[in-house]
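Report on the following structure.
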Amino acid sequence: MTTQPSPLSPQSSVLTPQSSALSTQPSVLNPQPSDLSTQPSALSPPSSTLNPQTSDLSTQPSAPKPQPSVLSSSQSSVLKPQSSVLLTPHSLLITGGAGFIGSNFVHYWIKKYQEDRVVILDALTYAGNPANLEPVANHPQYRFVHGDIRDYDLVVNLLQEEKIDTIVHFAAESHVDRSIHGPDAFVDTNIIGTHTLLKAAKKVWLDRSSEELESSSIAQSSVLSPQSSLCRFHHVSTDEVYGSLGPDDPAFSETTAYAPNSPYAASKAGSDYLVRSYFKTYGLPMTISNCSNNYGPYQFPEKLIPLLILNCLAGESLPIYGDGLNIRDWLHVDDHCRGIDLVLKKGTVGQTYNIGGNCEKTNMEVVEAICRLMDELSPNKDSAPYSSLITHVKDRLGHDRRYAIDANLITSELGYAPTESFETGLRKTVEWYLANQDWCQNIMVGNYREWIEKNYEK
Ligand code: NAD
Ligand code: TYD
């Protein structure tokens, strides 16, 4: 990257909300006027039908028992989130399971739910790494499928063959900087890919049960009917769909209007809308989680925290964009996995949950904390502090200033609370990278080297 001011830099007046033609009109992309985010929305939880104490659904025993349809579009033209019988996954399709969060989730699930079938679908892009799954690859319930989420026939076959009842959708192009250099892949995977999965889930879970309903009275209680809550499409999304916060703004809640700024964030927002639409239009049982920045083991070292750890080890500069005062809300990946588990098992169908770490840090605070840990755990041979490697470089285009998650909904409704503090989580993470040098060396080749050259103009 160069140090030239860019026409797209945040300083540029053409992109400020005050002057932009995009922002002066009620925009079709702005969910405020719709029922999506600002009203006591169709997706917001306060409706009494959502209260486990008052819901007619929750007066039933909690065993998974087919209910009169609350999701059936024949009864309601606008579907609302419904708490219902609890989902008990038995056979999961985990897309993007060879990536950072996906692989951590596979480890988490296999350890906690030994009996469940875990099928991973991953295209093994530069970010997918079979080594992330090695520790669980011999588990009897584990199956890895090398394939693309955009392959409709493959997905339909997998859903049928494995009797998948739960899709946990992580697969994505996930790096903001790459989306600035090449947005097309983000539209292809994040939007088209998510839509392909939705179409396949609808085909197998909904269309089949409708066909069965027509041909068989027994199928009235089909386990595959959407209202039975025995299937679920869980979409993993990001806080970046909400845009950027000012220093004193309240944290993002589930009702914050979408305002994505990067091609990555826009593609994730598009995928969120598609998931929502399949619930609203067809009754596909879904949940969405929008989480903050994750960190932990197996993260590809293009993202800030592993990049800084590995650059320390290599004695290379620690590149901090701009003034380094951008704020992110850091979430240890294990806490994220616990949050998704809660949403799957206890979450309200049709609902979005924000998952955060309650841990806002500036990038300077992050790099300084990593340098201190590295000084302690792997001191420089010449004893120079690692902080001497910190280098401010040209800012990212459209760099969001601050993200922060208001996790009150998942906390109050599902009992979520992060268990790692930044101090404990970061220490574990640095220790993991130090103990797994082979893993690091094996991925810091080829595509990774090319990316580093390109992004940092080495
Ligand atoms: P990652 O880049 O580490 O992994 C993505 C995985 O998806 C890789 O294994 C890759 O091979 C796979 N993949 C990509 N395109 C595919 C395709 N077309 N078909 C099948 N597989 C494909 O990403 P991550 O950091 O683990 O993020 C996982 C999810 O969480 C993403 O949806 C991301 O948007 C979301 N998220 C991540 C963070 C974070 O801090 N990492 C924060 C919020 C949300
Ligand atoms: P990143 O890990 O790319 O996550 P995201 O863009 O999804 O938040 O970046 C986290 C923060 O660190 C973000 O403010 C950009 C900044 N950053 C740097 O300062 N230098 C870097 O080399 C990278 C990769 C990120």
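Read the figures in this text as sums done on the coordinates, not as results from a lab. From a predicted model like this one, the values you see are computed outputs, not experimental measurements. A quick note on method: Cβ atoms are made from the backbone with ideal geometry, for glycine too, and the neighbour counts reach across all protein chains shown.
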Check: Of all residues in the range 126-147, which are near ligand 1 (Cβ under 9 Å from one of its atoms) and surrounded by 19 or more Cβ atoms within 10 Å (Cβ to Cβ)?
Finding: Ala127, Gly128, Asn129, Asn132
Margin query: What's the total number of residues in the range 376-407 that are acidic (Asp, Glu), away from ligand 1 (no atom under 16 Å from the Cβ) and touching a Ser or Thr at 6+ places or on another chain (Cβ under 8 Å)?
Written below: 1
Checklist line | Members of the range 178-190 that are over 14 Å from Asp148 (Cβ atoms), within 12 Å of ligand 1 (Cβ to nearest atom) and surrounded by fewer than 19 Cβ atoms within 10 Å (Cβ to Cβ) | finding: Val187
Check: Take the residues of the range 97-114 that are near ligand 1 (Cβ under 8 Å from one of its atoms) and in contact with a Leu (Cβ under 8 Å, 6 or more places away or on another chain): which is nearest to Asp165 (Cα to Cα)?
Finding: Gly97
Next item on the list: Would you list the strands (runs of 3 or more DSSP E) that sit entirely within the range 272-367 and hold 1 or more residues that are among the aliphatic types (A, V, I, L, M) and more than 16 Å from ligand 2 (Cβ to nearest atom)?
Entry: 286-291
Next item on the list: Only strands (runs of 3 or more DSSP E) wholly contained in the range 82-182 count here; list those with 3 or more residues that are away from ligand 2 (no atom under 16 Å from the Cβ) and in contact (Cβ under 8 Å) with a residue 60 or more places away in the chain.
Entry: 91-95, 166-169
